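*Asks:* Structure incoming, see below.
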Amino acid sequence: APISPPDLSKCHLADGGTGVGNVQCCPPYSSDTVPIDYQFPASSKPLRIRRPAHLLEKEEIEKYKEAIAKMRELTTTDPSDPRGWMQQANVHCQYCNGAYDQVGYDNVRLQVHFSWLFLPWHRWYLHFYERILGNLIGDDSFALPYWNWDTPLGMYAPSIFVDTTSSLYDENRNLSHYPPAVLDYKYAYGDAVPSTEEAVQEVVNQNLLELSKTYKESLTLPELFMGDPIRAGEATETDTEASSGRLEIIHNGVHQWTGPDTVPYMDMGNFYSAGRDPIFYCHHSNVDRMWQIYRSMRGNKTEFKDDDWLNSSFLFVDENKQLVKVKVQDCFNPLKLKYSYEEVELPWAEVGI
Ligand code: C2O
């Protein structure tokens, strides 16, 4: 059977991991909160065009900063507002750190990482997050940028996140990874920052090669790219890397590289806190784009013709604070969700193996 949306009334303490312990990240709940089924935005709505973070125009940067500032303000004025910055971050904690058990299976945690749920769940998460941001600044066409880390010029922390006076800034990061430090998908805590020109070039080449291999080797094998199946009642495997898709594994490297290198690695290096850093959503915008590229390389074929995947569902809150139930099968076409990605060159696509 498919994974059911959580029972909000049974949210409990989550596990923030080593150095954090139990955390309270449940959403505000009252028994009269009833979810409605998701409806696609009206076709008359403008398309949100997500653009590379390192190529944003001044005006786009200002809008983005303003939207995030408003979201942060909500947390200050009403911490229980589900559209606020901390409540939004908590959504990630809820679905990733065991705040819910699977419906009907007490003691089996609901977990959206390490499996075929990873990409669809994060697509939905971003969809609502983006709508909320747009709504806060009264702009239906507002789009999240994407951290274009698959191109050499994008393999740095985007400068918009590095300005300490901006709402996009988060102090819980690895400061030694600010530009000119180059992003390494295979970064492990403690690795030195490559400093010579040759060493930087080597990392860039390794990154491109990793992407090129990932796509070539998994094009006919969606499990390899997306992650393994998970069905109602099944717990995540103990060896989480074994069940994760390769895109998720690359994405983990970016999380670890961005967050600080000491326990508990928050914000970006820890599930429970990752969503507190605005860069999270920009990173995930690219993860989502990389999935979309994979889909289009496969002629938009459905990766798994399996009802347990297609009907797995989740709950999110929209820009009107309405609780909405969504299904995996409804997120496949970004145009129906009213967003798209500005196309850029794919330098890794030409790298040989
Ligand atoms: Cu839910 Cu980038 O992880």
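*Asks:* Name the residues in the stretch 292-315 that are touching a Pro at 6+ places or on another chain (Cβ under 9 Å) and not in a loop (DSSP other than H, G, I, E, B), would you?
*Replies:* Within the stretch 292-315, GLN292, TYR294, ASP307, ASP308, TRP309, LEU310, SER313, PHE314, LEU315 qualify.
*Asks:* Out of curiosity, is PHE332 more than 23 Å from TYR100 (Cβ to Cβ) and part of a helix (DSSP H, G or I)?
*Replies:* no
*Asks:* Separate question: Pairs needed: first member in the stretch 239-264, touching a residue at least 12 places away in the same chain (Cβ under 8 Å); second member anywhere, within 11 Å of the ligand (Cβ to nearest atom) and among the aliphatic types (A, V, I, L, M); C-beta distance under 6 Å; at least 6 residues apart or different chains.
*Replies:* Partner pairs satisfying both residue conditions: HIS251/VAL287; HIS255/MET268; THR258/MET268; GLY259/MET268.
*Asks:* Tell me whether the stretch 106-117 contains one or more residues that are under 17 Å from the mean Cα position of the chain (by Cα) and either away from the ligand (no atom under 16 Å from the Cβ) or part of a helix (DSSP H, G or I) (or both).
*Replies:* Scanning the stretch 106-117 turns up no residue that is under 17 Å from the mean Cα position of the chain (by Cα) and either away from the ligand (no atom under 16 Å from the Cβ) or part of a helix (DSSP H, G or I) (or both).
*Asks:* Which one of these is out of contact with any Lys or Arg (no Cβ under 7 Å at 6 or more places or on another chain), away from the ligand (no atom under 16 Å from the Cβ), under 30 Å from THR151 (Cα atoms) and not small (Gly, Ala, Ser): ASN270, ASN286, ASN300? Give the steps one after another, and end with the answer.
*Replies:* On the way: ASN270 fails: away from the ligand (no atom under 16 Å from the Cβ); ASN286 fails: away from the ligand (no atom under 16 Å from the Cβ).
None of the others qualify; the one that does is ASN300.
*Asks:* Considering only residues that are more than 30 Å from LEU74 (Cα to Cα) and among the acidic types (Asp, Glu), which ones fall in the stretch 161-202?
*Replies:* Result: ASP184, ASP191, GLU197, GLU198, GLU202.
*Asks:* Please verify whether PHE304 is surrounded by fewer than 17 Cβ atoms within 10 Å (Cβ to Cβ) and either at pLDDT 95 or above or touching an Asp or Glu at 6+ places or on another chain (Cβ under 9 Å) (or both), treating the condition exactly as stated.
*Replies:* Working: surrounded by fewer than 17 Cβ atoms within 10 Å (Cβ to Cβ): yes; either at pLDDT 95 or above or touching an Asp or Glu at 6+ places or on another chain (Cβ under 9 Å) (or both): yes.
For PHE304, the condition - surrounded by fewer than 17 Cβ atoms within 10 Å (Cβ to Cβ) and either at pLDDT 95 or above or touching an Asp or Glu at 6+ places or on another chain (Cβ under 9 Å) (or both) - is met.
The values are calculated or read from the model by the stated rules, or taken from the named source; none is laboratory data. None of the values given here were measured: they were computed from a predicted structure. Every residue, glycine among them, receives a Cβ derived from its backbone with ideal geometry; neighbour counts consider all protein chains shown.
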